[in-house]
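Participant: Could you have a look at this structure, given as structure tokens, before my questions?
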Amino acid sequence: MMELPLSAGGDLVTRLARERDPVRAVVELVWNAIDAEADTVRIELVRTAMDAIESVTVEDDGHGITSDEVQATFGRIGGSWKALVSRSKNGKRGLHGQLGEGRLRAFALGSRVTWASESINAIGERERVVIEGVKERTEPFSWEASRSTESRTGTVVTALNEQDRSLNSLFNDTTLTTLTSQFAPVLLNDDALAIIFDGVKLDPSDEVLDDTIVEVALDNDPEAVISIRIIEWRTGKHRAVYFGEDAERFVVEMSGAELENQTAFSAYVSWADFDVDTFSELGLGEMAPDPAGAVWRATKTAVREHFASRRRSRRRDQIDEWKSKGIYPYKTEPTTEAGKAERAVFDIVSSALVPQIPKRKDGAQLTLNLLRDALKTDPENLALLVSEFVALTEQDRQALTKLLSETTLAGVIRAANLVTSRTKFLAGIEHLLFDPEDSKKVGERDHLHKILEHELWIFGEEYHLMNSERGLTQLLRTHLKLEGLPTGKVEPVKRWDGKAGRVDLHLAAKAKEHDRIRHLVVELKAPDIKAGRTERNQVEDYVNVVLKTPAFASDRAVWDFILVVTDYDEIVENSFKGDDREVGLILEPDKKQGRPTIRAYVRRWRDIIDENKRRLEFVTSSLEFDPSLAEGLAFIREEYAEMLPDALGQTEHSVGVPA
């Protein structure tokens, strides 16, 4: 084979050869086939047993490449012969490619690419031209020509994926949409052309949602009129503007995203007075000198006005449909200016959300009602409310619809708020108890006790606060009240040493099952206190009072005493009973006839907090809510500012790292 030097800077050749966009590579190869006057172009993906792509072929029935054309047409990179002519070799169609870069982009499909072409040369002889490209070579291409007896013409490009490069993007669901949009201009204007990708024929007519042609005069020359064909696509995200001399030949493509960002579309701008200079200046947009700048300004205005008009029309049609179904949330016409403004905003927002609104009547009605209520009650947060709701999957929307048929939205919000508030409280109390600096400022009665009076769920959902920081005598009155006995003449209750005792929190509730009465007595200690013999004996004193005082005698009563501390010493730990030492059971006297059931525990705050976190974990993970330490402390400050030490109640206080 003969070497085929490339007429371009080495950096350009290297850059193009290293590009890794398989879809773009396919696009360029197909355009080359179309410019070669092919009627049929087939793209085949050859797969391995593991469904990986081992090679890609692009086959066409065009006029092929002759030996006379190899150097002039194939060896020139960055300045194609196509830029010098307007129509294909035999005048069949307008030319698309101009830069002559497509052959190098083929290396995105494989490290070795071969062009095998059957053609008729300048003197009428049939010949076969084979060009081979190897990415790693300094001069990547070599070629040879020979006589041929083949009756047809055309080219087969084969890219071998010898390096097992991932070509998964060719399997992507959007690939067909991308290819269809790219080749729509020529496919819609050339019924004889067929492009088949991996066995599927590209048919843009199936994807056309709307096809409109508008005529627009240029602002710098009212006599000059351009034709703009605007096609809206049913699917995909393709937004592009094409420019050409006539309706079948568009040689410049530009992004149309700034003209319309909601609908997939292609705008084809035709003007007979386009020339090479004007085409080259279009890339500057509105900054381009006229006439290129005037063409771009006219195109932008026409495309934007087209879609604005389309949206107004669709909005009217959609609202009429909702009204006919009886799900439009407004039943009468507005009579005030505020009402008219609200209605106008609702119509615009709801119409923009049509793709996200459920098709089912009940789901659509729920969505529209939520949107109306959001406008009325919380317009400032409308964007957040709407974005969260429309982001729901169809399954989640149906679940919400069913839930709201069984309860109210306010009830759902209160339940979710309860869980998130509790989770933030746990994060905040964790900081107060374990932060090396702040925990020293927190007292048991002045701070912890007052805060926990309002967060008793942390000890168990079944308890209700009956009395707090009261003496043993009041504790007896509570017990008698739950037993249904008179409380007027209660003798003072003393500890074993004759002194009056006072518990931190006394929680008591009558359990529903078997008419049982449950009591929970919580003794709190400041975060800096490590529980030992003295604290353990204090709890045991309370247990003995209940056991030995006749007024507490009851078979129906169950008493749980819990000493809650940040930590305890070995004396306490060695007194634990049972296998589950995390529970911290220290006393469980034998049950006696006519006496209550009593248990006493010493528990660490760490274990209680972790236990509650585990209990809330399922719901918080479903809510996708995980508060930071700062959020937890902010919650404590907001809810209990007056119960915190002065230094901790200030919002600018820096948050330390828990130990």
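Participant: What residues have an amide H closer than 5 Å to that of GLU54, excluding those fewer than 5 places away on the same chain, when H is modeled at 1.01 Å from N in the peptide plane?
Facilitator: Under 5 Å from the amide H of GLU54: VAL46, ARG47, THR48.
Participant: Here's a follow-up. Quick check on region 137-230: take the gyration tensor over C-alpha atoms, sort the square-rooted eigenvalues as a ≥ b ≥ c, and tell me if it's rounded (a/c under 1.5), prolate or oblate.
Facilitator: The shape class here is prolate.
Participant: Going from most exposed to least, what order do VAL216, VAL565 have by accessible area with a 1.4 Å probe?
Facilitator: Solvent-accessible surface, decreasing: VAL216, VAL565.
Participant: For region 174-271, take the convex hull of the Cα atoms, compute a quarter of its surface area, and give me that in nm², please. Don't jump to the answer; show the numbers that get you there.
Facilitator: Values: hull surface 26.8 nm².
That works out to 6.7 nm².
Participant: On a 1.4 Å probe surface of the protein chains, which of GLU342, GLU611 comes out largest in accessible area, and what is the full order?
Facilitator: Putting GLU342, GLU611 in descending order of accessible area: GLU611, GLU342.
Participant: Can you tell me how much longer the chain between ASN369 and LYS331 gets when fully stretched, taken as 0.36 nm per residue apart minus their C-alpha distance, in nm with one decimal?
Facilitator: 12.5 nm
Participant: Let me ask something else. Between rounded, prolate and oblate, where does region 291-339 land on the alpha carbon gyration tensor, with a ≥ b ≥ c its root eigenvalues, rounded for a/c under 1.5, else prolate if a/b exceeds b/c? Mind showing how you got there, number by number?
Facilitator: Working: a/c = 7.47, a/b = 2.58, b/c = 2.89.
Oblate shape, in that a/c is at least 1.5 and b/c is the bigger or equal ratio.
Participant: What figure in square angstrom, to the nearest 10, would you give for the accessible area of ASP290 with a 1.4 Å probe?
Facilitator: 80
Participant: What GluC sites (Glu not before Pro) does region 195-269 have in DSSP loop regions with at most 13 other beta carbons within 10 Å?
Facilitator: GLU258
Participant: If amide hydrogens are placed 1.01 Å from N in the peptide plane, which non-local residues have theirs closer than 5 Å to the one on LEU520?
Facilitator: LEU507, ALA508, ALA509, ASP560
Participant: Between region 251-277 and region 286-358, how many Å separate their Cα centres?
Facilitator: 23
Participant: Could you check the simple spin-label distance between LYS548 and ASP246, using points 7 Å along Cα→Cβ, in nm with one decimal?
Facilitator: If labels sit at LYS548 and ASP246, their model points lie 11.4 nm apart.
Participant: If you don't mind, there's one more thing I want to ask. Using modelled amide H (1.01 Å from N, peptide plane; none on Pro or chain starts), what sits under 5 Å from the amide H of ALA224, excluding residues fewer than 5 places away?
Facilitator: Sorted by chain and number, the residues that satisfy this are LEU218.
Participant: Where the centre of each part is set by its Cα atoms, how far does region 21-72 sit from region 99-169, in angstrom?
Facilitator: Here the two parts' Cα centres lie 9 Å apart.
Participant: For the full complex of protein chains and a 1.4 angstrom probe, list GLU639, GLU28 by accessible area with the highest value first.
Facilitator: GLU639, GLU28
Participant: In what sequence, highest mean first, do 130-136, 596-602, 359-365 appear when ranked by Cβ atoms within 10 angstrom?
Facilitator: Per-residue Cβ counts within 10 Å, averaged per peptide and sorted highest first, yield 596-602, 130-136, 359-365.
Participant: Okay, moving on. Please give the solvent-accessible surface of ASP373 in Å², to the nearest 10, using a probe radius of 1.4 Å with every protein chain present.
Facilitator: Its accessible surface works out to 60 Å², give or take rounding.
Participant: Continuing with the same structure: Taking R0 as 60 Å, what's the FRET efficiency between GLU638 and ASP590 from their Cβ-Cβ distance, rounded to 0.05? Show your work: numbers first, answer last.
Facilitator: Working: r = 48 Å, r/R0 = 0.80.
Here the calculated transfer efficiency is 0.80.
Participant: Once fully extended, how much extra length lies between ALA194 and GLU286, figured as 0.36 nm per residue of separation less the alpha-carbon to alpha-carbon distance? Intermediate results must be reported in sequence, preceding the final value.
Facilitator: Working: separation 92, 0.36 × 92 = 33.12 nm, distance 3.63 nm.
Once the chain is fully extended between ALA194 and GLU286, it gains 29.5 nm.
Participant: Taking 7 Å along the Cα-to-C-beta vector as the label spot, tell me the ARG556-LYS340 distance in nanometres, rounded to one decimal.
Facilitator: 7.0
The values are calculated or read from the model by the stated rules, or taken from the named source; none is laboratory data. On a predicted model such as this, the values are computed, not experimentally measured, just so you know. When we count neighbours, we look across all protein chains shown, and the Cβ atoms used for this are built from the backbone with ideal geometry, even at glycine. For the accessible areas, the whole protein counts, side chains as well, though only heavy atoms, and no ligand, DNA or RNA atoms are used. Shrake-Rupley method; radii C 1.70, N 1.55, O 1.52, S 1.80 Å.
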